1. Quick one: how many residues across the range 212-232 are aromatic (Phe, Trp, Tyr) and modelled with pLDDT of 95 or more?
2. Within the range 1-109, which helices (runs of 4 or more DSSP H) (wholly inside it) include 2 or more residues that are under 20 Å from PHE150 (Cβ atoms) and in contact with a strand residue (DSSP E or B) (Cβ under 8 Å, 6 or more places away or on another chain)?
3. Restricting to the range 184-232, what's the tally of residues that are part of a helix (DSSP H, G or I), of a type outside the set (D, E, K, R) and buried (at least 16 other Cβ atoms within 10 Å of the Cβ)?
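The values are calculated or read from the model by the stated rules, or taken from the named source; none is laboratory data. Because the structure is a prediction, the values reported are computed rather than measured. We place every Cβ from the backbone using ideal geometry, glycine too, and count neighbours over all the protein chains shown.
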Amino acid sequence: MPAYNAENTISRSINSVLMQTHSNWKIVIMDDLSTDRTVEVVRNLKKGYGLDDDRLKLIVNTEKKWEIGNVIEGLKHAEEEDIICRLDGDDWLCDTDVLTILNHRYESLGVKAAWTAHRWGFSHQNISGPLPRDANPYEHPWVSSHLKTFKKSLLSDVKDENYRNVDGEYFKRIGDQVFYLPALYKASGNWHFEPIVAYHYTIDMSPQTFQTDDAKFQKEEAEYLRSRGFVQ
């Protein structure tokens, strides 16, 4: 869970995990130099619930890592066969059974990656759906958005170049695709889409949101990533 200035939302994010019917989980929170009370809120909540580092681990960065660096660092705290579940500090799981359901799918279907439907804000907007077994995830339209989960082992031997842009720097705005496209590529069709709405993605749904310079930059990054494909 990467977090930056999430003091008003991160309690809901954490509580959405605490309320899950599946209890075998660990939260790793990466605070990326927040300037508000994010760290204090997490520490107070951790103390209030009596959670130790084996349940909720808070890492406070001393330098800015952005999303890519935070995820890379967070993965170091997981075992090879752990199922990684990406949750941002301003989003939350909106189905209390989702981890139970996904864990069952991993065990019963033997898949290596699985994702769910979601909602953008409190709208009906959802861009996730099934991905054909024989599809190249880099070439197929993006249908594997929130909630993204995968076996950590999928990324164990993925080259660092896969996370870097044309200038050799880590991508800035498309962290979801930067990690999940290589994971899906390595999964080689061994994936599953669960059609339940399980993730609340906090976003301003006004048309202006998708016309900003930031949105255009994100689109350009995604186009480059997909055109380059997987770096062997």
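1. Initially, the range 212-232 is screened for residues aromatic (Phe, Trp, Tyr), giving 217, 224, 230.
Still in the running and modelled with pLDDT of 95 or more: 224, 230.
So the answer is 2.
2. Numbers: elements: 10-18, 38-49, 66-75, 98-109.
Filter on the range 1-109 gives 10-18, 66-75, 98-109.
3. Initial filter on the range 184-232 (part of a helix (DSSP H, G or I)): 184-187, 207-211, 213-228.
Still in the list and also of a type outside the set (D, E, K, R): 184-185, 187, 207-211, 215, 217-218, 222, 224-225, 227.
Still in the running and buried (at least 16 other Cβ atoms within 10 Å of the Cβ): 184-185, 187, 218, 222, 225.
Number satisfying all stated conditions: 6.
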